[in-house]
1. Which net charge results for the neighbourhood of residue 64, defined as the other residues with beta-carbon distances under 10 angstrom from its beta-carbon, given Lys and Arg at +1 and Asp and Glu at -1?
2. What lysines sit close enough to residue 53 to cross-link, taking a C-alpha to C-alpha distance under 20 Å and skipping anything fewer than 8 places away on the same chain?
3. Could you size up the charge dipole of region 1-72 around its Cα centre, putting +1 on the beta carbon of Lys and Arg and -1 on that of Asp and Glu, and report it in debye to the nearest 20?
4. Hey, got the Cα dimensions of region 6-114 along the principal axes, in Å, largest first?
5. Using a Gaussian network model of the chain whose springs link C-alpha atoms within less than 10 Å, name the residue from 101, 25, 48 with the highest mean-square fluctuation.
6. Rank these for me by crowding, 46, 56, going from fewest to most other beta carbons within 10 Å.
7. Could you pull out every residue, at least 5 positions away or on a different chain, whose amide H is within less than 5 Å of the one on residue 10? Hs are placed 1.01 Å off N in the peptide plane, and Pro or chain starts have none.
8. Label 7 Å along Cα→Cβ of residue 77; region 9-34 residues with amide nitrogen under 14 Å?
Amino acid sequence: MSELHATGSCLCRGVIFEVAGALRPVLACHCSQCAKTSGNFAAMTSCPRENLKILSDETLRWFRSSETVERGFCTRCGGNLFWKQTGSSDIYITAGTLDTPTGLKISEHIFVASKSDYYDLTDGLPQKDEW
Ligand SMILES: [Zn+2]
Ligand SMILES: [Zn+2]
């Protein structure tokens, strides 16, 4: 767990946020929905929802990608920022939108069974077919 007080934004800074407290180690999600929204696999950390403070939501919009999941993205620059599931008290944040240094590391690969064929996973980290 990172003890850093994290800050982040999308590329155009229409969405700016900060996180109080720790962030979880980064999950690399290889599902097809993350690929379609991120253009590649999605690297995501998370925190309790109450620890995420969105300082600017000028261009933030939520897309319901499945019955229980919403994805937050920037309508101006296209940045993929947030992922939240109905009933969960956590919110996921794409690690690439955090300002550096993040102090975080990828801990595992998930939904590996759905990953695209143009890359291989060779870092030796745990791989799960689903979550
Ligand atoms: Zn933006
Ligand atoms: Zn995914």
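1. -1
2. In chain and number order, the partners are 84.
3. Charge dipole of region 1-72: 200 debye, to the nearest 20.
4. Here the spans come out as 36, 28, 27 Å, largest first.
5. So, out of 101, 25, 48, the one fluctuating most is 101.
6. So the ranking, lowest neighbour count to highest, is 56, 46.
7. Counting only residues 5 or more places away or on other chains, the set is 15.
8. Answer for region 9-34: 9-17.
Bear in mind that the values in this text are calculations on the coordinates, not laboratory data. Predicted model, so just to flag it, every value in this text is computed and none were measured. Note that each Cβ is placed from the backbone with ideal geometry, even for glycine, and that neighbours are counted across all protein chains shown.
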